[in-house]
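J.: The structure is given below, and queries will be raised subsequently.
Read-outs throughout are calculated quantities, based only on the coordinates presented, and are distinct from any laboratory measurement. Because the structure is predicted, anything quoted here is derived from the model rather than measured. Every residue, glycine among them, receives a Cβ derived from its backbone with ideal geometry; neighbour counts consider all protein chains shown.
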Amino acid sequence: MADSGKVKAPDSGKKKNKSQKKRAESSGDGGATPTPSKENVPVTKPASPEGATAAASTGEKTPDVKPAQGAQGPKQGGQNPKKEGKQQKNQNKPEQGQKGKGEKAPPKPEAGEGEQKSKAQLKAERRAIQEAQRAAKATKTAESGGGAAAAGAQGQPSSAGAANAGKKENQGEKSKPGGAAVAVRRIPKKSSKTTEKMTEEQLWAKKEKNLLGKAYKMDHTIVRLGYQYFYHNIVGANARCLALLTTLKELIGKYKTPEEKELSRDLEKNYLTPCISYLNECRPISTSMGNAIKHLKLHINQIPSDMDDKTAIARLQEEIESFIHVNLVMAAKGVAEFAIAKIDDDDVILVYAASSLIAKVLKAAHDSGKRFRVIVVEGRPRTEGKSMLRFLVRCGIMCSYVYIGSASHAMSEATKVLLGAAAMFAIGDMHSRTGNSMIAALAKANNLPVLVCCETYKFTEKVQLQAGDSQMHARSKDLLHIGHRPPVITDHDAMGLRLLNQMYDVTQSRYITALVTELGMLPCTSVPVVLRRQEDLKLNA
């Protein structure tokens, strides 16, 4: 077996033709193949492992020949004789040819390896182009001082050249027939600056600053009234409405119609609307104020276009005075007359906080000769019950003063409950100062009648189901201060305690026994009827 696997070396003087060598190399039989000399290098691999071991034992050199060259042999068999002669000369000098190929150019790889290498070279070239563009961009931005600031404003100062190079790269890949286009999406970097949440005091300071910035466009009377609303120097539905109407009456007296303008359009749109918007920013418009503004706008639109300014302004001022007299002065007297009929001698009447209408009712009842006692229930943080207590004591009425925490104990002594309303919703619910809903619920639980005194100009078609739906919030720090004492909690922000100081709440109609108005004693379900009657009166006017 070892003898049959040996390779016989032919004479050095004899040379075979290239076609015969190719036939011998392409043939798959395990016959004897000539061994190359030092001058003649091309050798085929042994057909069996025994032949390879035998060749290794004889010490002959068997240079490696890639099978790809042998595989390409049959395809190149039909070449011209001139090319065959050149290949014959190259084979006569194998050592020199191999040395030159090793130093200058590598042997030609296979088809699959060649494609991979070309992609790698293209990728390396693209990287070199990108690095060159980045370096040029950096040099350019360093030379020009404004370039760096502009690039910094965009958030990616050094990636502009890379983005352009990436676009060119994607276009080059798309142009290739066999290349796969890859979509590159650049994600913007997140800003490192974290926006800190503003505290409540900072928000109030910012709001005050904004109001001060808009004040230079307004009349000084509107600015003064707005800041009185903002700092709660004027509180109460009737007091706020009266202050608004008085200010608008003074403001309308200063109006002069511009040329080529109509008073009915310009007065409302360009003169009164900005002032009302400013007041709404200082503090949201109440229901009573909103109804008064609607009444005034209705009469402004009814002014004929041929009426002179002096007559029209005088007419509007009379309408404002008439609204104050009818809906605030005479309505309060009508409510007091109907409420006195429900107050008996030796009654103990419980009231909550302060209400101008309730104060007038109790004063009128005392002046009529009724003997009764009043329990004033105080609520924080504004402690308005103190002003109510002072007024009643000056009128000569016997009073008691308790905090809302002791209201359940005071219910055992009371015989009636009188509450004031800031507004009455269409479904019969009452909108009033925070704490009235709890007093009404306690009275209902103790089987005490709850009488709500309210003028009809405070009725509204709006509906509010919860107290949290209202935007009427005051400063939360007022909850921590009790008179001149130090605050109850000093580090509530560090404790994570967020305070909410709501100014108004909603009392459901089931807790209200009757509604006392200038029209008489009405159930809460009659609010929509009164609203329809007011609309009919406006249409007939």
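J.: Tell me, what is the FRET efficiency for Leu298 and Met521 to the nearest 0.05, using R0 = 25 angstrom and their Cβ-Cβ distance as r?
T.: Values: r = 29 Å, r/R0 = 1.17.
Efficiency at R0 = 25 Å is approximately 0.30.
J.: Any chance you could run the full-extension gain for Arg371 through Ile234? It's 0.36 nm times the residue separation minus the Cα-Cα distance, nm to one decimal.
T.: Residue separation times 0.36 nm, minus the Cα-Cα distance, leaves 46.1 nm.
J.: Suppose the chain between Val529 and Asn270 were pulled fully straight at 0.36 nm per residue; how much longer would it get relative to their current alpha carbon spacing?
T.: This chain segment gains 89.7 nm when fully extended.
J.: Still on this structure, please answer the following. DSSP loop GluC sites (Glu not before Pro) in the range 241-276 with at most 15 other Cβ atoms within 10 Å of their Cβ, which ones?
T.: Answer in residue order: Glu259, Glu260, Glu262.
J.: I've got another one for you. Counting other Cβ atoms within 10 Å, keep those with at most 13, restrict to DSSP loop, and tell me which trypsin sites (Lys or Arg not before Pro) in the range 219-290 are left.
T.: Lys254, Lys256, Lys261
J.: With the Cα gyration tensor of the range 326-472 giving a ≥ b ≥ c as the square roots of its eigenvalues, does the rule (a/c under 1.5 for rounded; else a/b larger than b/c for prolate; else oblate) give rounded, prolate or oblate?
T.: Cα axes put the range 326-472 in the oblate bin.
J.: On to the next question. A 19 angstrom limit on the alpha carbon distance is what I want to check against. Which of Lys207/Lys269; Lys249/Lys294; Lys207/Lys297; Lys249/Lys360; Lys206/Lys477 exceed it?
T.: Lys207/Lys269; Lys207/Lys297; Lys249/Lys360
J.: I've got another one for you. Between Lys254 and Thr383, with labels modelled 7 Å along Cα→Cβ, what's the label distance in nm to one decimal, could you check?
T.: Simple spin-label model gives 3.8 nm for this pair.
J.: Follow-up question, since we're still on this one. Report, in debye and to the nearest 20, how large the dipole of the range 481-541 comes out about its Cα centre when Lys and Arg carry +1 and Asp and Glu carry -1 on their Cβ. Provide the component values of the computation, followed by the final result.
T.: On the way: 6 positive and 6 negative charges, 31 e Å.
Dipole magnitude for the range 481-541 comes out near 140 debye.
J.: How do the peptides 275-282, 421-428 rank, highest first, by the average count of neighbouring beta carbon atoms within 10 Å per residue?
T.: Packing proxy ranking, top to bottom: 421-428, 275-282.
J.: Using a Förster distance of 60 angstrom, determine the FRET efficiency expected from the C-beta separation of Ala314 and Ile482, and round it to 0.05.
T.: Working from the Cβ atoms, E equals 0.75.
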